[in-house]
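The values are calculated or read from the model by the stated rules, or taken from the named source; none is laboratory data. Just so we're clear, the structure is a prediction, and the values are computed from it rather than from any experiment. All Cβ positions, even for glycine, are placed from backbone atoms using ideal geometry, and neighbour counts span all protein chains on display. Surface accessibility is based on the protein's heavy atoms, side chains included, excluding ligands, DNA and RNA. Shrake-Rupley method; radii C 1.70, N 1.55, O 1.52, S 1.80 Å.
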Amino acid sequence: MVKLNKKEQRQLLDHYFLSTTEALSILCISKQNFYSLIHRDKITKVKKDGAVLFFKEEIMARAHEQNQLRQKYRPYDF
């Protein structure tokens, strides 16, 4: 197993995971809507000793899908 220093570990985490605040800013939705997505298993959360993280790839895919849905169902916003 390769030993990583703290900086490398942090970079690895930043590459694969997002915090709640980061996910909310990417998705541009309310906390209530965000937690509803989690509850309905649309977004996966990862918990470890009080830390809650979200898969970056999943959030980015949801943001792309969300934009398409907004254009389809709310064309007057654009």
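Data for the structure
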quantity	calculated
Charge tally in the Cβ shell below 12 Å around GLN68, where Lys, Arg are +1 and Asp, Glu are -1, GLN68 excluded	+3
Amide H partners (placed H, <5 Å) of ILE43, local residues excluded	ILE38
Residues of the chain: accessible area per residue with a 1.4 Å probe, Å²	84
Average Cα contact separation per residue, the range 17-78, under 8 Å, 6 or more apart, as relative contact order %	35
222 nm mean residue ellipticity, helices alone, for the chain (DSSP H n ≥ 4; -39,500 (n - 2.57); rounded to 500)	-18000 deg cm²/dmol
Packing-based ranking, highest mean first, of 59-68, 37-46 given that Cβ atoms within 10 Å are counted	59-68, 37-46
Solution diffusion estimate, µm²/s, Stokes-Einstein, the chain, Kirkwood Rh from C-alpha pairs, 25 °C, viscosity 0.890 mPa s	175
